[in-house]
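J.: I'd like to ask you about the structure that follows.
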Amino acid sequence: MAHTIKDVSLLSGVSTATVSRTFSNPESVREATRAKVMEAAKILDYQPNAIARSMARQTTEHVAFLICKHESSILDEFYAGICDGIMHVTKDADYRLLVSTADDWRNTRRNQVDGVILGGSATIGMISNYVRQNTKIVLVNHEISGFDFPRVVSDEEAGVRQAVEHLISRGHKKIAMLAGRFSPYICEARYNTFCAVMKEHGLTVPDRYVKICDPNIPDAERQAERMLIQQDPPTAVFGANDMIATGAMKAAIRLGRKIPEDIAIIGYDDSRVCEALEPELSSIHTDCTKMGELSAKLMLDLLAGKTPEKNRFVIEPKLVVRGST
């Protein structure tokens, strides 16, 4: 049986009004009285009404996690991992988490949350709307000029460098890149680093060795096939994510190429598909859950009126070598 505020009042020996104030405005209650109320509540496993608490604090006690990625869904594996980390932290803090894609969320419920964690390519317009509403903002897996909100990102440069230098260490000099149509921040970081690492090792990147594709298997397969049937094809391919790398593997197999003997292929994100392929796909692992946990902790700090020790937190990726390289 769920206990009520009246039960706590009787056990602690104080009025129901004092019990209510203890939870809604504890500073207004004497420490000794507050201790008695909290002890009674613990014995009875009493949970104060969330709506009453939020009204007293003039907050909603809701936080939203919005996936800002074109044609994405809440089932996107990368952002599902981030969401899992956010859920663990917000649940422990008694905040309710609302999860949606930015497209589904647009023009709805904007005033029903205290803070938003924006994952992916949140636009300037979207961010500006929340700024005008005084909504707390944390970015995850995104950087955007003109704003200095707390944000959690993976070290894209370090991840790409590990992937490309791994291929070079295997003796490859003709390395191609299948670049995905991600957010400008991700696209630029991965492409620029790929070119920079190749240049550092004295290797050239012909235009025909770089193809842009949608981050899915069918389009990546089409682009990879065009790359592999040309004269002087690459001996290794860096796919900007695992779906793209999977498409490259399919194209290679259809063309009768052996992996990794004829062509080595590496992906990015270390998603579950990597171990479902044969050979298994080498990739760059990003701790998505850790990114989510950290972004949620930053949000809770903002909601508590705390200033983060810094505004940019970087998660280090790591190379996972499997049979494809």
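J.: All but one of (1) over 9 Å from V152 (Cβ atoms); (2) surrounded by 13 or more Cβ atoms within 10 Å (Cβ to Cβ) hold for E309; state the number of the condition that does not hold.
T.: It fails just one condition, (2).
J.: Let me confirm something: among G305, G292, which residue is at positive phi and out of contact with any Ser or Thr (no Cβ under 8 Å at 6 or more places or on another chain)?
T.: Working: G292 fails: at positive phi.
Only one candidate qualifies: G305.
J.: Being touching a residue at least 24 places away in the same chain (Cβ under 8 Å), in contact with a helix residue (DSSP H, G or I) (Cβ under 9 Å, 6 or more places away or on another chain) and not polar (S, T, N, Q): is that true of D232 here?
T.: Details: touching a residue at least 24 places away in the same chain (Cβ under 8 Å): yes; in contact with a helix residue (DSSP H, G or I) (Cβ under 9 Å, 6 or more places away or on another chain): yes; not polar (S, T, N, Q): yes.
Judged against the criteria, D232 is a match.
J.: I've got another one for you. Which of the following residues is closer than 30 Å to D148 by Cα and basic (K, R): K250, K258, K211, K297? Lay out the reasoning, then the answer.
T.: Values: K250 fails: closer than 30 Å to D148 by Cα; K258 fails: closer than 30 Å to D148 by Cα; K211 fails: closer than 30 Å to D148 by Cα.
On inspection, the qualifying residue turns out to be K297.
J.: Going through the range 242-255 one residue at a time, which ones are farther than 12 Å from D219 by Cβ and open to solvent by 10 Å² or more (accessible area, probe 1.4 Å)?
T.: First, the residues of the range 242-255 that are farther than 12 Å from D219 by Cβ: 242, 245, 249, 252-255.
Across the range 242-255, the qualifying residues are I253, R254, L255.
J.: I'm checking my understanding of the structure. Among residues of the range 249-275 that are out of contact with any strand residue (DSSP E or B) (no Cβ under 9 Å at 6 or more places or on another chain) and assigned to a loop (DSSP other than H, G, I, E, B), which one is nearest to A224 (Cα to Cα)?
T.: Among those that are out of contact with any strand residue (DSSP E or B) (no Cβ under 9 Å at 6 or more places or on another chain) and assigned to a loop (DSSP other than H, G, I, E, B), it is L255.
J.: For E225, all conditions in the list (1) under 22 Å from G85 (Cα atoms); (2) surrounded by 15 or more Cβ atoms within 10 Å (Cβ to Cβ) hold save one; what is the number of the exception?
T.: (1)
J.: Now a separate question. Take the residues in the range 144-192 that are part of a helix (DSSP H, G or I) and β-branched (V, I, T); name whichever of them is most open to solvent (accessible area, probe 1.4 Å). Step through it out loud before you land on a result.
T.: Pass one, the range 144-192, residues part of a helix (DSSP H, G or I): 156-169, 184-192.
Next, only the ones that are β-branched (V, I, T) stay: 160, 164, 168, 186.
Details: V160: 0, V164: 0, I168: 35, I186: 10 Å².
Restricting to residues being part of a helix (DSSP H, G or I) and β-branched (V, I, T), the top hit is I168.
J.: Take the conditions within 17 Å of the chain's Cα centre (by Cα), over 17 Å from V63 (Cβ atoms) and at pLDDT below 95 and apply them to T101. Does it pass? Steps first, please.
T.: On the way: within 17 Å of the chain's Cα centre (by Cα): yes; over 17 Å from V63 (Cβ atoms): no; at pLDDT below 95: yes.
Here the answer is no, as T101 does not meet what is asked.
Here is a yes/no grid of residues against (1) at pLDDT 75 or above; (2) buried (at least 16 other Cβ atoms within 10 Å of the Cβ); (3) assigned to a loop (DSSP other than H, G, I, E, B); (4) at positive phi:
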site: L10; (1), (2), (3), (4): yes, no, no, no
site: K36; (1), (2), (3), (4): yes, yes, no, no
site: L66; (1), (2), (3), (4): yes, yes, no, no
site: S72; (1), (2), (3), (4): no, yes, yes, no
site: V89; (1), (2), (3), (4): yes, yes, no, no
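The values are calculated or read from the model by the stated rules, or taken from the named source; none is laboratory data. As the structure is a computational prediction, the values presented were derived from the model and not from experiment. Every residue, glycine as well, gets a Cβ built from its backbone with ideal geometry; the counts of neighbours run over all protein chains shown. The area values use the complete protein model at the heavy-atom level, side chains included, leaving out ligands, DNA and RNA. Shrake-Rupley method; radii C 1.70, N 1.55, O 1.52, S 1.80 Å.
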